[in-house]
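Below: the structure, in structure tokens.
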Amino acid sequence: MTYLIQGETGDWEVVVGLEVHAQAITNSKLFSGAPTTFGAEPNQNVALVDAAMPGMLPVINEIAIEQAVRTGLGLRAVINRTSVFERKNYFYADLPQGYQISQFLHPIVGEGTVTVDLADGTSRDIGVERLHLEQDAGKSMHDQDPTRTMIDLNRAGVVLMEIVSKPDIRTPEEAGAYVKKMRAIIRYLGTCDGNMEEGSMRADVNVSVRPVGETELRTRVEVKNVNSVRFVMQAIEIEAARQVDVWEEGGEVVQETRLFDAHKGETRPMRTKEFAHDYRYFPDPDLLPIRLEEDFIEKIRASLPELPDDKKARFISELGLSAYDAGVLVADRDTAAYFEEAAKGHDAKQVANWLTTNLFGALNKLDLEIGASPISATHLGELVGLIEDDTISSRIAKDVFEEMLATSKSPEAIVEDKGLKQITDTRAIEAIVDQVIADSPDQVADVQGGNEKGIGWFVGQVMKASQGKANPGQVNGLLRKKLLG
Amino acid sequence: MSDLRDWTIASAADALTKGETSSVELTDAFIEAIEANRSLNAFITETPELARHRAAESDARRASGDAKGPMDGVPIAMKDLFCTEGVRTTAASHILDNFVPTYESTVSGKLRDAGAVMLGKTNLDEFAMGSANITSYFGSVKNPWTPEGANADLVPGGSSGGSVAAVAGGLAIAATGTDTGGSIRQPASFTGLVGMKPTYGRCSRWGTIAFASSLDQAGPLTRTVEDAAIMLQAMAGHDPKDSTSLPIDLPDFRSACTTDVKGLRVGIPDEYTLDSMPAEIQKLWDQGAQWFKGMGAEVKPVTLPHTKYALPAYYIVAPAEASSNLSRYDGVRYGLRVPGDSLDEMYELTRGEGFGEEVQRRVLIGAYVLSAGYYDAYYVKAQKVRTLIAQDFKKAFADVDVILTPTAPSAAFAKGEKMDDPIAMYLNDVFTVPASLAGLPAISVPGGLDANGLPLGLQLITRVCQEETLFRAASALEAAANFTARPGDAS
């Protein structure tokens with residue numbers, strides 16, 4: 001799907017690259033033993049090295065290395081056997097060391113690929129340039145005291161993975177799909193919780209525009225700290241439109257860092273002081289280069305879960321799902337796991353239907369995540385099972401579903417308690433059918449006069465009379481036999 | 001013993017074992033000497049109460065048969081670059097002058113655990129940046145040695161100037177030092193002591209205030225080579241809290257202190273002959289070679305062709321790392337804070353007032369050589385030079401076991417000399433810096449006196465982790481030199 005901005009002078013193409021900052025799931029920080037628990041009192045999760053006390057030294061957290069490698073493998077990326085931590089030097093009150101330990105020339109992960117799924121059913125590969133490890137900074141709080149700024153170092157030293165894409169993205173939709181897919185992958189891998197609201201995943205968006213047909217890239221602008229998929233897409237639309245205006249008015253886009261203001265629907269430049277740094281990168285002499293053994297990487301590779309793309313392919317080929325349903329189900333690891341549990345021994349397509357239409361709708365209304373669903377995966381599977389073995393009809397199943405939602409009881413128990421078992425006894429159904437026919441001479445005449453569709457009315461009457469319990473197939477058969485011979 | 005300068009770690013350990021003295025008695029004597037010699041300005045912080053307490057603990061251990069080893073009960077001085085729990089630690093800087101750590105550095109902690117009694121924290125050049133101990137916020141240190149027939153105050157060398165003044169002046173039996181480009185060896189040479197810089201990574205840097213991380217190494221300052229071995233044994237060892245600490249076991253250093261150098265190959269590097277060097281230093285160096293020959297060693301010339309680039313490379317790498325290491329002193333969390341109207345102004349005022357001139361100079365040089373556009377020309381090139389220097393040594397050590405050089409290009413000089421010329425001051429490190437850049441163990445041993453009656457040291461350098469070879473050669477050199485001179489004016 002092309003996304004072009006129509007300007008006065010012609011059509012403009014948008015070129016986007018994304019830097020995703022993902023907080024790696026680790027119990028302790030990148031270079032200290034301090035815990036990383038969210039929501040602790042200010043300055044509770046701070047080791048001596050996090051506060052940059054004199055003489056304190058960083059020691060690498062091996063789990064952070066593992067998580068970076070795991071993420072790299074999940075992005076189908078090159079794992080660099082040697083990588084180097086460097087110091088990025090700048091002064092800020094919430095940066096205790098006066099430098100951030102990051103990776104610069106030699107990141108731990110090199111080029112990889114993320115396949116994004118688009119609304120029209122197509123997929124595109126977006127290149128990943130690199131993934132590197134770095135420390136987070138602390139937090140400056142300007143609203144705690146009238147004259148002073150308070151510093152919370154709980155986040156200082158927390159493990160971040162910065163994942164940089166190539167400038168392969170051409171539409172806001174692709175950018176949104178990329179962030180969603182990235183989030184799905186890291187959640188599947190268990191390397192980041194992907195929670196954009198709590199800030200454990202955030203994105204910087206690099207945007208430039210160029211007239212359609214131009215091959216050179218024009219000056220890019222970095223839009224910082226965009227914290228939702230929707231905002232990523234909006235920020236691109238707004239910033240690209242702004243740049244087209246600048247170029248068309250004969251101006252020049254300057255390389256700068258801007259902030260996205262979702263309220264005002266604009267991007268605006270950050271104060272130059274906040275980013276005009278010469279970071280004076282150099283290898284951190286307190287840390288040795290990381291050298292990864294083949295064994296270490298292979299062990300992680302062997303422990304990787306099935307990732308969304310593979311799962312989707314399997315759902316289509318083995319379970320016969322549509323590409324659309326498969327895509328919806330694998331987008332979230334918990335949903336996929338729920339589905340697989342529910343589909344065990346049952347018709348996968350039916351389970352998928354119940355899940356994507358009925359359960360999603362219900363959870364949406366209740367504002368619940370799938371993990372908090374009142375209906376367990378096993379129970380949903382059992383419900384489909386009851387339909388499959390003709391214990392209940394699809395119509396009754398809907399009532400049972402509502403009851404399951406309200407009580408979390410098993411469908412079998414509900415069917416049992418409420419006596420909802422389908423009537424499959426031909427003689428019992430025949431009795432009802434005969435009664436309905438006897439009560440409706442006009443309609444009988446209508447059907448026998450050639451209006452075959454009128455049979456539907458009879459089916460409805462029989463079902464109603466049986467309180468929905470009669471097997472609709474049998475009812476249909478009997479009516480046809482009796483009315484049409 | 002009437003002269004406290006007669007004590008060595010070995011003799012004190014012996015006397016304590018035999019019950020001829022107690023740690024408290026020894027400690028009290030040294031505390032008295034410290035109080036009587038404050039004019040040396042060797043200590044920034046004296047800790048007599050703590051010392052007496054630890055001495056009493058040591059005596060109690062000994063009484064119950066739990067004495068720990070040769071350091072137990074021995075009064076020593078601690079360079080004020082090692083963080084000491086509950087004891088003010090300043091790095092001789094105004095920016096840290098009220099900083100009291102809640103933690104103990106690995107090196108000082110190991111010494112404490114070995115039973116050593118800390119008498120106080122010794123003066124140094126601010127953040128260990130200097131070669132004369134004249135950049136301390138707490139004032140310069142006086143060398144206990146004075147030139148014959150003159151009255152001038154001499155510098156003790158640096159940066160471990162307070163430590164050597166304390167030991168040479170009889171205010172401690174031994175002291176800790178740190179060596180980045182010669183800060184143990186050059187002051188040892190200036191004061192007639194043994195100064196040992198082990199292989200980079202032998203002593204943990206955890207809790208030692210950083211100057212240049214890839215070069216900083218702790219080491220002992222002692223009266224004898226054997227003492228250096230005993231004390232290093234207590235200071236060194238793998239520390240998981242320092243990623244650059246060597247993950248290997250320590251050999252027994254003391255038992256390496258034999259004087260048997262028969263067949264030892266001693267290299268004399270061509271490139272260490274300087275035109276400006278006093279003739280008596282050249283003479284002592286030649287004498288050193290003769291001593292080794294006389295003891296059955298094989299003396300031969302070696303070449304270290306990149307030596308002349310060592311000093312310039314060092315004065316790029318060390319300030320670069322320092323500029324970054326010292327960024328944490330920003331007035332935000334501890335130490336000096338000079339308030340300003342903005343964060344940037346607070347930084348400027350705090351660091352402008354908190355750091356002395358030499359520290360500021362090196363921070364500026366370091367920031368410059370790392371900045372965009374200069375990084376490749378300076379820092380990257382300096383690192384390449386560093387590799388070449390390490391290769392020089394590697395090639396030389398294919399032919400020889402140790403390398404013998406002068407420790408410094410001059411004897412101790414008067415306070416006031418070289419003060420207005422940083423480059424002249426930097427030249428003090430010309431013989432010590434190459435081993436630092438290559439991470440090699442090196443030791444300075446007193447060799448003799450110059451015409452003014454001032455001590456001169458000879459330096460021995462050996463392969464990575466071959467401290468045993470170094471102690472053996474140094475013991476032989478020490479025996480041959482038989483250096484017994486004492487500074488004249490200290491009690």
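The values are calculated or read from the model by the stated rules, or taken from the named source; none is laboratory data. These numbers were taken from a predicted model, which means no experiment stands behind them. Positions of Cβ are backbone-derived with ideal geometry, glycine not excepted, and every protein chain shown enters the neighbour counts.
Is there a residue in the stretch B:61-79 that is more than 14 Å from every other protein chain (Cβ to nearest Cβ), without any contact (Cβ under 8 Å) to a residue 40 or more places away in the chain and either crowded, with 24+ Cβ neighbours inside 10 Å or not in a loop (DSSP other than H, G, I, E, B) (or both)?
yes
Filter the stretch B:366-401 for residues that are out of contact with any His (no Cβ under 8 Å at 6 or more places or on another chain) and of a type in the set (Asp, Glu) and give the result.
Within the stretch B:366-401, B:ASP376, B:ASP399, B:ASP401 qualify.
Residues in the stretch B:304-321: is at least one more than 10 Å from every other protein chain (Cβ to nearest Cβ), over 21 Å from B:ILE423 (Cβ atoms) and at pLDDT 95 or above?
Within the stretch B:304-321, one or more residues are more than 10 Å from every other protein chain (Cβ to nearest Cβ), over 21 Å from B:ILE423 (Cβ atoms) and at pLDDT 95 or above.
Could you check, for the stretch B:105-125, whether at least one of its residues is under 21 Å from A:VAL49 (Cβ atoms) and surrounded by fewer than 24 Cβ atoms within 10 Å (Cβ to Cβ)?
yes
Considering the stretch B:301-327 alone, what residues qualify as being of a type in the set (Lys, Arg) and either touching a strand residue (DSSP E or B) at 6+ places or on another chain (Cβ under 6 Å) or on the phi > 0 side of the Ramachandran plot (or both)?
Across the stretch B:301-327, there are no qualifying residues.
Only one residue in A:MET463, A:MET404 is closer than 23 Å to A:LEU355 by Cβ, in a helix (DSSP H, G or I) and touching a residue at least 12 places away in the same chain (Cβ under 8 Å). Which one?
Of A:MET463, A:MET404, the one residue that is closer than 23 Å to A:LEU355 by Cβ, in a helix (DSSP H, G or I) and touching a residue at least 12 places away in the same chain (Cβ under 8 Å) is A:MET404.
Considering only the stretch B:224-237, I want to know if a residue exists there that is among the aliphatic types (A, V, I, L, M), within 14 Å of another protein chain (Cβ to nearest Cβ) and part of a loop (DSSP other than H, G, I, E, B).
no
If you check A:ARG155, A:ARG130, A:ARG170, A:ARG148, which single one turns out to be farther than 30 Å from A:ALA313 by Cβ, of a type outside the set (Phe, Trp, Tyr) and in contact with an Asp or Glu (Cβ under 8 Å, 6 or more places away or on another chain)?
Exactly one of A:ARG155, A:ARG130, A:ARG170, A:ARG148 is farther than 30 Å from A:ALA313 by Cβ, of a type outside the set (Phe, Trp, Tyr) and in contact with an Asp or Glu (Cβ under 8 Å, 6 or more places away or on another chain), namely A:ARG155.
Checking the condition of a type in the set (Ser, Thr, Tyr), within 13 Å of another protein chain (Cβ to nearest Cβ) and closer than 18 Å to B:GLY161 by Cβ, which residue from B:THR208, B:THR191 passes?
After ruling out the rest, the residue left standing is B:THR208.
Looking at the stretch A:111-128, I want the residues that are farther than 14 Å from A:ASP168 by Cβ and have a partner that is of a type in the set (Gly, Ala, Ser) and outside any strand (DSSP E or B) with Cβ atoms under 6 Å, at least 6 apart or on another chain. Which pairs are those?
A:ASP117/A:GLY327
From B:ASN452, B:ASN428, grab the single residue that is over 20 Å from the mean Cα position of the chain (by Cα) and more than 14 Å from chain A (Cβ to nearest Cβ).
Only one candidate passes the filter, namely B:ASN452.
Just checking, which of A:THR122, A:THR113 is more than 14 Å from chain B (Cβ to nearest Cβ), surrounded by fewer than 17 Cβ atoms within 10 Å (Cβ to Cβ), modelled with pLDDT of 95 or more and at negative phi?
From the options A:THR122, A:THR113, the qualifying one is A:THR113.
Which of the residues that make up the stretch B:108-134 are outside any loop (DSSP other than H, G, I, E, B), closer than 19 Å to B:ILE365 by Cβ and among the hydrophobic types (A, V, I, L, M, F, W, C)?
Result: B:PHE127, B:ALA128.
Out of B:ALA236, B:ALA256, I need the residue that is at pLDDT 95 or above, within 18 Å of B:VAL194 (Cβ to Cβ) and surrounded by fewer than 21 Cβ atoms within 10 Å (Cβ to Cβ). Which one?
Unique residue meeting the criteria: B:ALA256.
Consider A:LEU368 carefully, then state whether it is part of a helix (DSSP H, G or I) and not β-branched (Val, Ile, Thr).
no
Can you pull out every residue in the stretch B:322-362 that is under 23 Å from the mean Cα position of the chain (by Cα), within 11 Å of chain A (Cβ to nearest Cβ) and among the aliphatic types (A, V, I, L, M)?
B:ALA322, B:LEU326
One residue is enough: does the stretch A:236-250 have a residue meeting the conditions assigned to a helix (DSSP H, G or I) and in contact with a Leu (Cβ under 8 Å, 6 or more places away or on another chain)?
Scanning the stretch A:236-250 turns up no residue that is assigned to a helix (DSSP H, G or I) and in contact with a Leu (Cβ under 8 Å, 6 or more places away or on another chain).
Tell me, yes or no, whether the stretch A:66-88 has at least one residue that is among the aromatic types (Phe, Trp, Tyr) and in a loop (DSSP other than H, G, I, E, B).
Among the residues of the stretch A:66-88, not one is among the aromatic types (Phe, Trp, Tyr) and in a loop (DSSP other than H, G, I, E, B), which makes the answer no.
For the stretch B:125-137, state whether one or more residues are among the polar types (S, T, N, Q) and within 13 Å of chain A (Cβ to nearest Cβ).
no
So which residues in the stretch A:166-225 are among the polar types (S, T, N, Q) and touching a Cys at 6+ places or on another chain (Cβ under 7 Å), if there are any at all?
Result: A:SER200, single match.
If B:GLN217 satisfies all but one of (1) over 25 Å from the mean Cα position of the chain (by Cα); (2) surrounded by 19 or more Cβ atoms within 10 Å (Cβ to Cβ); (3) polar (S, T, N, Q), what's the number of the condition it fails?
(1)
So that you can scan it fast, the table gives a plain yes or no per residue for (1) surrounded by 13 or more Cβ atoms within 10 Å (Cβ to Cβ); (2) modelled with pLDDT of 85 or more; (3) farther than 22 Å from A:THR391 by Cα; (4) among the hydrophobic types (A, V, I, L, M, F, W, C):
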position: A:LEU420; (1), (2), (3), (4): yes, no, no, yes
position: A:THR424; (1), (2), (3), (4): yes, no, no, no
position: A:ASP439; (1), (2), (3), (4): no, yes, yes, no
position: A:GLN448; (1), (2), (3), (4): yes, yes, yes, no
position: A:MET463; (1), (2), (3), (4): yes, yes, no, yes
position: A:LEU479; (1), (2), (3), (4): yes, yes, no, yes
